[in-house]
Structure formats: structure tokens, C-alpha cells
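Colleague: Structure provided below as C-alpha cells; questions to follow.
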Amino acid sequence: MTTAPLVGGDATIRFVDVRKRYGRRVVLDGISLEVARGGRLGLIGPAATGKSVLCKLACGLEEPDGGTIQVLAESVVGRREADLGPLRRRIGMLFQNYALFDFLTVEQNVAFPLEQRGGMTADAIAERVAERLRAVGLAGSERKLTAELSGGMKKRVGIARATVADAELVIYDEPSAGLDPVTTQKIYDLLAADQERTRATVLAVSSDVVALARFVDEIAFLYHGKITYRGPAATIADAPDPLVRQFVRGDLEGPLEERGAEAAT
């Protein structure tokens, strides 16, 4: 079993011995993980193993029970909510459950990060929002409310919002969930082009390992609360860890269910 090495040097995300539990359920059990500045790291693992929790911890949306977390050279542990605002404005986040504002239109949802950051005219914001919506195939949906959207459309609105401000760090939680294969490839092509243009650091969680592996540089495997493997994305199907190979083949869920594994999403 290969442990996840610390990248060292100039890291955008640094987790050191991070622990998180919900009641008696241990979700993260001493995670140490770094993402180098400008790098693209994919995170995979069986369902309900804490991948989304790790993303929320990186944004300061949840507090760990132990360990340290640094993001963009700032500690996010123990910070007051009001103090996290400036840091979060440097982060683009796509949530697994969309997290769109129901009372805002599509256009207003996507514009929100730009308005929070400030420094742009209303016309410039409108132009940037329109460009992002065209990029994700939602031109003409500007005035719709989120209740009028399908799950796949909500996902694309979330992607537009996460990328509209050219954030220094972008975290994608299941960017292709609910999308058909053709749209999935278009979305990943867009994300890759965005990252090459902005040189943002990327942390991406996905159940679609094949599509993810074409987008990221490295992939880490989260299993039973620990990062048990990290290696090149291009060779993930031939990883030396047999559990990783088993997961990539898609037959790891059965044994986990038989053992009655419990964890948070």
C-alpha cells in the first residue's frame, strides 16, 4: 500500500494529520495531503468515504477535529466565519448538490462571485457571465430560476459560477455527475482550457475515473479515512495498489457493502 507523499515546496492546499468524525463514525483518519500550486489533483474513492467533507474542510465550511489545514498560504482552522470571506473569494467551488440560490436567476447565480469580489462594472459582469453560460451550453437560460432547471443544467450553472471569477484555487465536487458522455467531455475540455489559461490549482472529485484521469495530473485514493495511494493519472488503471485497480475496474463497492462500511458523504 503506497502512502500519499507530501509534495513540499509551494503548495496551495496542505492537509497535515487531519481528522474528522461524525458521532462514532470516523470519516477522515489522519489525512496528510498537498496540492502543488498550479497542479491538478483528482480524488477518488468508494461512495460515502468523506471526499466531499475534505472539499468542505478546504473551504473552511467545516471544522476538522484535529490537524492543520492551509489553503493559499492561510490557515482555515479555527477562523471566524467573517474572517474567511476574503479567502473564499479566491476559491471557486462546485458543490456536489449544486448549492445554487433558489431565489436568484441563473444569471444572478453566476454573477454572485464577481459581485462579491468587486472591482467590475455591471456591464463587464454581464459580459463575463454571458461568456461562461455560452461555454457550458446554457446561453438563453439567463432569466430562468433554478427550479426550472434539470439536474444536469444545475450542474452546468454550478460550473459556470465556479469558474467565472478565474479563482486561484478551484474545487470541483463531481463536475460530470448527471451529464451525458458528450457533455462530460465538453465540460472537462472547458475546465482544462480554463486551468491552462489561469494556471489555477485544481482539486477535483469524481466517480467518473476515466474522464477525470484525462483532466488531472495525479490521482489520490481515499479509503477508510486515509489517502492510501497517490500516483500519475495516466497510469491509474495499472496502479501498484490492488485496491485502486479494483476500484477503477468498478467492483470495489460490493466488498465494502458486505463489510457494512459506514462513512459520511
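Since every read-out is calculated from the coordinates, none of them should be taken as a lab result. The structure presented is a predicted model; accordingly, all values stated were derived computationally and were not measured. Don't worry about glycine lacking a Cβ; one is built from the backbone with ideal geometry, like all the others, and counts go over all protein chains shown.
Colleague: Report relative contact order for the chain in percent, whole number only (criteria: Cα-Cα under 8 Å, sequence separation at least 6). Please list the in-between numbers first.
Modeller: Numbers: 512 pairs, mean separation 74.5, N = 265.
Computed over the chain, the figure is 28 percent.
Colleague: Could you give each residue of the range 199-212 its phi-based ³J(HN,Hα) in whole Hz, using Karplus coefficients 6.51, -1.76, 1.60 with θ = phi - 60°, and x for Gly or Pro?
Modeller: 6, 5, 7, 10, 10, 10, 9, 7, 8, 8, 5, 4, 5, 4
Colleague: First obtain the Kirkwood hydrodynamic radius of the range 1-158 from its Cα pairs, then insert it into the Stokes-Einstein equation at 10 °C and 1.306 mPa s, and state the resulting D in µm² per second as a whole number.
Modeller: Details: Rh = 17.7 Å.
For these conditions, the coefficient is 90 µm²/s.
Colleague: Rounded to the nearest 500, what is the 222 nm mean residue ellipticity of the chain from helices alone, with -39500 (n - 2.57) per DSSP H run of 4+ residues and division by all residues? Present the calculation step by step, with values, prior to reporting the outcome.
Modeller: On the way: 9 runs with 95 residues, N = 265.
Taken over the chain, the calculation gives -10500 deg cm²/dmol.
Colleague: Treating the beta-carbon of each Lys and Arg as +1 and of each Asp and Glu as -1, no other charges, what is the dipole magnitude of the chain about its Cα centre, to the nearest 20 debye? Write out the running numbers ahead of the final one.
Modeller: Working: 34 positive and 36 negative charges, 46 e Å.
I would put it at about 220 debye.
Colleague: Sticking with this one: Quick check: residue separation of residue 130 and residue 104 times 0.36 nm, minus the Cα distance between them. What number comes out in nm?
Modeller: Working: separation 26, 0.36 × 26 = 9.36 nm, distance 1.57 nm.
Extending this stretch completely gives an extra 7.8 nm.
Colleague: Turning to a different aspect of this structure: Could you tell me the center-to-center distance, by alpha carbons, between the range 105-157 and the range 203-244 in angstrom?
Modeller: Between the Cα centre of the range 105-157 and that of the range 203-244, the gap is 31 Å.
Colleague: For helix 151-163, report the angle its Cα long axis makes with the longest principal axis of the Cα atoms of the chain; keep it between 0 and 90° and round to the nearest 10°.
Modeller: Between helix and principal axis, roughly 80 degrees.
Colleague: Once fully extended, how much extra length lies between residue 79 and residue 245, figured as 0.36 nm per residue of separation less the alpha-carbon to alpha-carbon distance? Before the final figure, lay out each step's value.
Modeller: Working: separation 166, 0.36 × 166 = 59.76 nm, distance 3.89 nm.
55.9 nm is the gain from fully extending residue 79 to residue 245.
Colleague: How compact and how long is the chain, expressed as Rg and Dmax of its alpha-carbon atoms in Å?
Modeller: So, for the chain, Rg and Dmax equal 18.2, 56 Å respectively.
Colleague: Work out the FRET efficiency for residue 199 and residue 116 from their Cβ-Cβ distance, taking R0 = 22 Å, and round it to the nearest 0.05.
Modeller: Numbers: r = 22 Å, r/R0 = 1.01.
After rounding to 0.05, the efficiency reads 0.50.
Colleague: Taking the mean number of other Cβ atoms within 10 Å as a proxy for protection, how do you rank 177-185, 70-78 from highest to lowest?
Modeller: Working: 177-185: 14.6, 70-78: 16.2.
Sorting 177-185, 70-78 by mean packing, highest first, produces 70-78, 177-185.
Colleague: Where the only charges are on Cβ atoms (+1 Lys, Arg; -1 Asp, Glu), what is the dipole of the range 12-165 about its Cα centre, to the nearest 20 debye?
Modeller: Working: 25 positive and 17 negative charges, 76 e Å.
Magnitude of the dipole: close to 360 debye.
Colleague: Mind scanning 56/144; 51/186; 154/226; 20/51; 51/155; 155/226 and naming the pairs with a C-alpha gap bigger than 22 Å?
Modeller: Working: 56/144 28 Å; 51/186 24 Å; 154/226 31 Å; 20/51 12 Å; 51/155 18 Å; 155/226 28 Å.
Checking Cα-Cα distances, 56/144; 51/186; 154/226; 155/226 exceed 22 Å.
Colleague: Going by how many other Cβ atoms sit within 10 Å of their own, how do 176, 32, 52 line up, fewest first?
Modeller: Values: 176 24, 32 17, 52 20.
The fewest-first ordering by Cβ neighbours comes to 32, 52, 176.
Colleague: In addition: Report relative contact order for the range 57-184 in percent, whole number only (criteria: Cα-Cα under 8 Å, sequence separation at least 6). Show your work: numbers first, answer last.
Modeller: Values: 161 pairs, mean separation 40.6, N = 128.
Over the range 57-184, the number comes to 32 percent.
Colleague: What ranking do 10-16, 24-30, 146-152 get when scored by the average of other Cβ atoms within 10 Å per residue, highest first? Write out the running numbers ahead of the final one.
Modeller: Working: 10-16: 20.1, 24-30: 17.0, 146-152: 13.1.
Answer by packing, highest mean first, reads 10-16, 24-30, 146-152.
Colleague: How big is the C-alpha Rg of the range 1-94 next to the rule-of-thumb value 2.2 N^0.38 Å, as a ratio? It would help to have the intermediate numbers written out before the result.
Modeller: Values: Rg = 13.1 Å, N = 94, 2.2 N^0.38 = 12.4 Å.
In units of the globular-protein estimate, the range 1-94 measures up at 1.06.
Colleague: Just want the answer: with Cβ charges of +1 for Lys and Arg and -1 for Asp and Glu, which residue in 141, 213, 26 is farthest toward the dipole's positive end in the chain?
Modeller: The residue sitting most towards the positive pole is 26.
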